[in-house]
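Colleague: The structure follows.
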Amino acid sequence: MRGRTREGAAGPVGAYGMQAESAAVVGTWMWRCDDRHILDSGAAVFLTGAPDLADTELRAEVLARRVLLADRPALLSAMERMNRECGLVVLEYRVWTPEGVRWLLNHGRVYPALQGVPAHGHGVLIDITHRKMPPPEPDGSEASTPSALERAARHALGARDAVDEDGSASLRLLVDMFLLEVGRVIARRAGVASAHGLN
């Protein structure tokens with residue numbers, strides 16, 4: 001999915017909690033065999049626009065409704081492969097949102113079925129629009145400072161690009177595992193902060 005011409009323009013930071021100037025984890029997903037996908041609230045809002053679909057089993061077609069038509073076949077094909085292949089899931093695609101078109105990095109892992117445990121997987125959705133868009137013109141306003149883990153995710157994405165150029169499969173595996181864990185920690189902390197905010 002890399003190298004496609006982008007469509008549309010990214011909007012400013014808004015209800016989706018996305019930072020235009022840095023990579024940001026927007027949500028997490030879980031997958032169960034037989035095409036059953038479960039999103040957290042952030043991923044549900046981003047991909048479907050319906051927060052009430054969080055923590056419910058969804059089919060792949062529902063998750064792809066906001067994906068640009070040009071990117072949809074590759075996404076649906078990757079989801080279909082989950083039913084017969086295990087390993088890393090790394091996919092980039094574009095999503096329509098009320099704030100414009102956003103680029104997503106879908107990063108996760110699918111695990112094979114074991115005795116008494118069906119095939120399953122989990123991962124994170126990372127907004128990487130800033131990597132696909134030209135840098136914004138400075139407007140004199142003070143930008144928000146990303147957290148330490150958000151900076152780590154940004155550097156990991158840069159490292160992944162460099163490793164892709166080098167072609168080392170072992171290094172890419174290590175970077176992918178690191179990026180996945182950083183994304184999971186960020187998403188977990190964001191969920192805890194959101195829960196505290198409701199109390």
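Nothing in this text is a laboratory measurement; each read-out follows from the coordinates by a stated rule. Computed from a predicted structure; not experimentally measured. Using ideal geometry, Cβ is built from the backbone for each residue, glycine included, and neighbour counts are taken over all protein chains shown.
Colleague: Hey, got a sec? Which trypsin sites (Lys or Arg not before Pro) in region 16-124 land in a DSSP loop and have at most 15 other Cβ atoms within 10 Å?
Modeller: Hits after loop and neighbour filter: R59, R65, R84.
Colleague: For Y93, enumerate residues with amide H under 5 Å from its amide H, sequence gap 5+ or separate chain, H modeled in the peptide plane.
Modeller: L104, N106
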